[in-house]
1. Do we have A:A60 as among the aliphatic types (A, V, I, L, M) and surrounded by fewer than 24 Cβ atoms within 10 Å (Cβ to Cβ) here?
2. Name the residues in the range A:199-234 that are among the β-branched types (V, I, T) and in a helix (DSSP H, G or I), would you?
3. Pick from A:T234, A:T183: which is without any contact (Cβ under 8 Å) to a residue 24 or more places away in the chain and either away from every other protein chain (no Cβ under 11 Å) or over 23 Å from the mean Cα position of the chain (by Cα) (or both)?
4. If you go through the range A:45-57 one residue at a time, do you hit one that is away from every other protein chain (no Cβ under 14 Å) and in contact with a Lys or Arg (Cβ under 7 Å, 6 or more places away or on another chain)?
5. Could you please tell me which pairs satisfy a Cβ distance under 6 Å, a separation of 6+ or placement on different chains, a first residue in the range B:204-225 that is farther than 28 Å from B:T257 by Cβ, and a second residue that is of a type outside the set (G, A, S) and open to solvent by 10 Å² or more (accessible area, probe 1.4 Å)?
6. Inside the range B:125-148, can you point out the residues that are of a type outside the set (A, V, I, L, M, F, W, C) and either touching a Lys or Arg at 6+ places or on another chain (Cβ under 7 Å) or open to solvent by less than 80 Å² (accessible area, probe 1.4 Å) (or both)?
7. Name the single residue, out of those in the range C:168-195 being over 23 Å from C:G248 (Cβ atoms) and of a type in the set (S, T, N, Q), that is surrounded by the most Cβ atoms within 10 Å (Cβ to Cβ).
8. Looking at C:Y293, C:Y304 in this structure, which one is under 24 Å from C:S144 (Cβ atoms), in a helix (DSSP H, G or I) and not basic (K, R)?
Amino acid sequence: MIARALGRPGLKFNAIFGIAVTGALILLAVFGPWIAPYDPLKLDLPSRLSGPSPVHLLGADEFGRDVLSRLASGARTSAWIAFATVIFALITGTALGVLAGFLRGWVDRVIMMVNDAFLAFPGLLLALGLMAVIGASREGIILALGLAYMPIVVRVVRASVMSIREREYVEASRVMGNSEIITMARHVLPNCVAPIIVLATTMFGWIILSESALSFLGLGVPPPAPSWGNMLSTARPYIGQAPHLIILPGLCISITLLGINMLGDAVRDWLDPKM
Amino acid sequence: MLVPTGDNNTMLSARNLSISVGPSGKRIVDELNFDLAPGDMLALVGESGSGKTMAARSILGLLPAPLVTTPDSSIRFEGQELTGLAPKALRQIRGAQIGMVFQEPMVSLNPAVTIGEQMAEGLRLHRAMSRAEIKDRSLAMLERIQIKDPSKCLASYPHEFSGGMRQRIMLASVMLLKPRLLIADEPTTALDTLVQRDVLDLMVELTRENGTAVMLISHDLGMVSHYVNNVTVMCEGKAIEQGSSTQVLHAPQHDYTRGLVDALPKRSAGGSRRAVNGPPLVEISNVVIDYPGRPRLFARAEAKRAVDGVDLTIRRGETLALVGASGSGKTTLGRAIVGLVRPSSGTISFLGKAIANGRSADARAQRRDMQIVFQDPYSSLDPRQSIAEIVTEPLKLDTELDRKRRTARMDEVIEEVGLTRDLLERFPHQLSGGQRQRVAIARAIVRRPGFVVADEPVSALDMTVQKQILLLIRSLQERYGFACLFVSHDLGAVEQVADRVAVMQDGKIVEIGDRDDVFDRPRHAYTRALLDAAMLIDRRFADGAGARKAVAQ
Amino acid sequence: MVRFVLTRIASAIPTLILVSVAVFVMMRFVPGDPATLMLGDLAQPGQVDAMRHQMGLDQPVVVQYLIWAGNVLSGDFGRSIGSGQEVLPLILDRFAVSSTIVFVAVLVASAIAVPAGMLAAWKQDSLRDIAVVATSTILLSIPSFWLGLMLMLIFGLYLGWLPVVGYVPFSRDFAQAALYVILPVVTLVLVESGPIARMARASTIEVARLEYITHARAKGLSESAVMWRHAFKNAFAPTLTLIGYVLGSLLSSIVVIETVFTIPGLGRLLVDAIYARDYPVIQGSMLFIAFIYVVVNLLVDLVYPLLDPRVAA
């Protein structure tokens, strides 16, 4: 209580750090090509596996490609994929969740039955299976991860529609004479927004992690286009000779995830009056 | 400031007891003084936010995190200073010499630990006793408080018992150690009237048997005066009045206490009731409402019958109170009338037309002429709407009203319910409980309905606020002549507003009649039991309560 | 109680059926004709048709599913297109490897993270709490495969304390085997401690403000007795659900660790099969992993009433 009044030390730091990192990621994604000193695909064989130097600020990879430029380009890839996937999962998941929670009855049962079957696949498994079907490509990852995360959105949205439609202010709206659709649009949906925002923030982090894992396995962004995950994968044989090729992309992923996780915590504290 | 003259016979005495938020923060209890003799009873009375609960918790050093007692506070128990006592020494007093009973029996027993273990814990810790002895003592105690099958009870978990039973069990587990002092923090507030009385009587008996002193914390001056002689009234952290309960009740010195006493239910408060003989407005005939049972693996659990064949007529302009314990079906019936619950059989008609079930436009149109005010003003207002939006929303369904006329109507209604216009742009969480309930009432009457269901509209509010809201409902009714179904478990509130009273038990109406008939000449045994347990202050104080108190002292 | 157990077990059956349908349908969409894949590119059209007939691919889809499901139930997961080996023994072999690592890692992670989270919550906003929250948030943010590579770099290549890659079965040489799994296990322990500690902390904070905790203190119990006897069971219940979830989902996400340390585990089997479009293996291992996941969650649900008797009521 008192720490909250004074502004809990962790809380403000969370928000500031989270916003800073997420902001930096977005800037890098948008302006990356202008910041990067080289074309991320340009070969410079004499410099292959070289460490940081004035020519290649963060060194060069096994084909002599500039690591800084590739990291910047990878940021753009990761951010774009994560953004598109979150939007995809949110739109489809919210639509199905609202449909299930609103109509109930057999529509609800069918949607939830299929949804539960999807949820019975743990973690990466569903995404791996879908990648096998779709094939490794940018659009493929968005589709596979989107479908893999959609069931969670359906769950959360349906649960909050179900819980909010039992609130007394929703009943008051019915007694007032409002139609079901107006009640839904005016009282139920606006009150579901908070959990959806919290989920979207958290999901953004999960998807960046999953995308880098898939790319690391060679089932994500296909080379030569750089992504943080496939940079780690192609650099793995050279771990002894050029450790910077391993350290840097991983550091980028970790800092990004840390920022998003802290932003997620801050958003949750901010939207949840209970905590 | 009143400073009681502590004599040598005091067991517990507090001097300058102050509690602040952090060492230098706001004081939520300010220089409280009281004395309690061995075997005696003392009550701290106040509304929410008065600091009474924290004052009680500070005795055992159980203040939640940022709260601390100030350095000059003193709490002496049996000659020992409790403030600033080392944790270890304090733990030897907790439970063993001073026991504590909490308000919410649903959350103050650990759901994951058996009753037997929770009872044994204190004995094992404070008394050198063998396992068998502990078990014997526990069984004897459960038998003493009339628990059926005590040995089965020991192996059970708290969720297997009702609220009243849990409170008895908690009382038993605390009294098992025969402490010198029992601190009871609103021990019956969460319980039904009938059960409340049982638990309080049991508490008095058990403490009398063991010579245990009691410090009772309560918001209910009426209830307190039935059991306790020595009362301290608290307001915003300060003790504003101390004395015998008779004196506080009949000759209050302080304005605040006077307000509190005025808020006690009195029949005269609502004005004398004229007989209402208007034409029938709502007619309920042979209504049965079942709640479907939970689906199980191969079948459904048995359906629960909430309302079991009720006939009822509500006339134009009258207030009919529907009284009963929780689970009696009164709330379900009220909700069925406004169309929130569909009856399994029977008919409900409004102005001679059967209520159309379902969600058709016709049903909705009909429902606009009846409204509902819910119990909890915290959950009945949409947190994302401003007060202005909440109050004008029903008017949007009226296509004849343009924006200007809607605003005019809103201003009018806001004033009628006693709110000021500067609240209009605020959101529900920025308002007090009483203000919110006024907003809920404004929303209900803004379209001038002919009928309003008030579902326990005051039971979530403080006593003084309750009174204001009850008076508001009456005055609005006087002005607009809407009929009201007043659903409540609180006979005190009912006595003040009702024209007629219907008593409900297990889904059936067991008695119905004019208010004075039901209150003064109850015919059904259940009604009599309810009235007896309600401890209504102004009629019974002289006789019944006096006798009860004599027993307690 | 008996009803609770039976209901819960019965409710897992439709889920498993749906999972098998989902896997089957997904495999129907895998590009390429299985019969052609089976025979290689040089097969004659006639041979392909014969193969399709032999594999039942000319039957209606529903019949194909029922035949497949029947085979699976009798333990016949088919044969690998690549190696011709039977799929089920292959899966079980690899499962033994992965499950050992996952099980040990989750056990150790829980043993560290649950007490850490609870102790942090007990003194909310203290230095101890801030340290636990910061550490777990950082651990939560590090991808396991990168952490594995970093540990390999430090302890394997730089310090030379531990072998870098490879795997020795425990049955062959226990000491050697243990040496090889240290790094993968440590990686997983670190990564999974993050979410577990956060969950333990959050649910302890939730429980610590309930009235029965104050009641326990009012009885005169010491702080540690209040915490372990009254808070632990209630706070651990939701954490156990998370641990079950982690245990189940690691069986597939361990694939990245298996890739880093070249361990022949179940995840690797699946990913290699995806590269090779070896669809009986993909189908079999997806079904198997999902099955284990459902069973682990089922077990957690069955244990739950021991912590919170209310759920079985």
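1. So A:A60 does not fit the description; no.
2. A:T201, A:T202, A:I207, A:I208, A:T234
3. Going through A:T234, A:T183 in turn, just one is without any contact (Cβ under 8 Å) to a residue 24 or more places away in the chain and either away from every other protein chain (no Cβ under 11 Å) or over 23 Å from the mean Cα position of the chain (by Cα) (or both): A:T183.
4. no
5. B:N210/B:K178
6. Passing the criteria: B:H126, B:R127, B:S130, B:S138, B:R144.
7. C:Q176
8. C:Y293
The values are calculated or read from the model by the stated rules, or taken from the named source; none is laboratory data. These figures come from a predicted structure and were not determined experimentally. Quick reminder, even Gly has a Cβ in these numbers, built from the backbone with ideal geometry, and neighbours come from all protein chains shown. Areas reflect the complete protein model, heavy atoms only, side chains present, ligands, DNA and RNA absent. Shrake-Rupley method; radii C 1.70, N 1.55, O 1.52, S 1.80 Å.
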